[in-house]
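Right, one structure below, let's go through it.
The values are calculated or read from the model by the stated rules, or taken from the named source; none is laboratory data. Values in this document were obtained by computation on a predicted structure and should not be read as measured data. Backbone-built Cβ (ideal geometry, glycine too); neighbour counts: all protein chains shown.
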């Protein structure tokens, strides 16, 4: 049995018999980023590769995004950015969540940009710069209304002053000023205009305080696709780069989902009327039928909420999940269809062969497709094609 993530991952090649896999189409990621570049109003594009590339594999996704026209990369944490550097990728890379105890010396030495959400982090970055012997590259984050991370309006002028002092001392370089939308995926939401105004005010305060950032960035995937006035110098698409539209009702088909999640059917069996299936007998056969057993479960990222709810595809036909999704396996109701052990079961994919999409699963489960792709677990091999 493989004992590391690298042993479970293949760059290409045939499906391994008996293996669950997430097939990742790197060509789709390249193409999606190319489409986002075209829609970015001349702004540079940052490909967001946090959370292991939204479950697609951080390093392969990063390379595909750069090949597609992205010139920056974005991560949540410094250890993710360090892994990008360890892979030999030198593109400007921002890590925007910097909790206390983050290895700032390593980040500064590796030329990783740091997101600054609290004033104290300016001093921390400056101290790391003094130890390393080179300026820390920082992006000041203004809270324009998300009320999650970022420097509040009441503290913004003070943060600008502290950053300008550190820059004049040669300890930091203020590369960027940025913020994040709360409701960009709800076109017309009144908070969007308020946040645009607040960001513009933050930029004016920064300029008045002597800062001249290289990049001003605010737009996530939804804003990249729908709000050209938010594009500034740099846009930060995440989910859209993987082919999943952040506003499903506006999906025009220009983006192609990159992930297809599948597994071989382990076995089939016949059951009689009245037979309960899986834990709790949440499915009881109303007539004689055949079941198929799929070796994937909630430990692999298949939501338990998919019980009796979601559908899968086998040989081009759809079948419902029957009974409770377990840790390592679940059943599907095959009816009288000619499906046998060893046939490939697709949970979701681009939808081009009649299989469900991640958006369909999300709609049935009352969640978002982000959650479905990012939660695919480490036991599921990633197989890369179109590289």
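Brief remarks follow.
- Residue satisfying condition, being outside any strand (DSSP E or B), buried (at least 21 other Cβ atoms within 10 Å of the Cβ) and touching a residue at least 12 places away in the same chain (Cβ under 8 Å), within set 255, 291: 255
- Failed item, numbered, when residue 326 is tested on (1) in contact with a helix residue (DSSP H, G or I) (Cβ under 7 Å, 6 or more places away or on another chain); (2) free of Cβ contacts under 8 Å to residues at least 40 places away in the same chain; (3) surrounded by fewer than 21 Cβ atoms within 10 Å (Cβ to Cβ): (2)
- Lone qualifier among 169, 157, 184, 164 - being in contact (Cβ under 8 Å) with a residue 12 or more places away in the chain and buried (at least 24 other Cβ atoms within 10 Å of the Cβ): 184
- Residues that are crowded, with 21+ Cβ neighbours inside 10 Å and either assigned to a strand (DSSP E or B) or at pLDDT below 95 (or both) within the range 294-312 comprise 294, 312, listed in sequence order.
- Being within 30 Å of residue 39 (Cβ to Cβ), in contact with a strand residue (DSSP E or B) (Cβ under 7 Å, 6 or more places away or on another chain) and crowded, with 21+ Cβ neighbours inside 10 Å is a property that holds for residue 261.
- Residue check, residue 242 touching a strand residue (DSSP E or B) at 6+ places or on another chain (Cβ under 8 Å) and at positive phi: no
- Residues located in the range 120-146, provided they are under 30 Å from residue 189 (Cα atoms) and part of a loop (DSSP other than H, G, I, E, B): 143, 144, 145, 146
- All of (1) in the same structural domain as residue 312 (by TED's automatic domain parsing); (2) surrounded by 15 or more Cβ atoms within 10 Å (Cβ to Cβ); (3) part of a loop (DSSP other than H, G, I, E, B) hold for residue 268 with one exception: (3).
- In this entry, residue 225 passes the filter for residues that are part of a helix (DSSP H, G or I) and touching a helix residue (DSSP H, G or I) at 6+ places or on another chain (Cβ under 8 Å).
- Of all the numbered requirements in (1) free of Cβ contacts under 8 Å to residues at least 40 places away in the same chain; (2) in the same structural domain as residue 74 (by TED's automatic domain parsing), residue 298 misses one, and that requirement is (2).
- Residues (at negative phi, assigned to a loop (DSSP other than H, G, I, E, B) and within 22 Å of the chain's Cα centre (by Cα)) located in the range 147-187: 148, 149, 179, 180, 181, 182, 183, 184, 185, 186, 187
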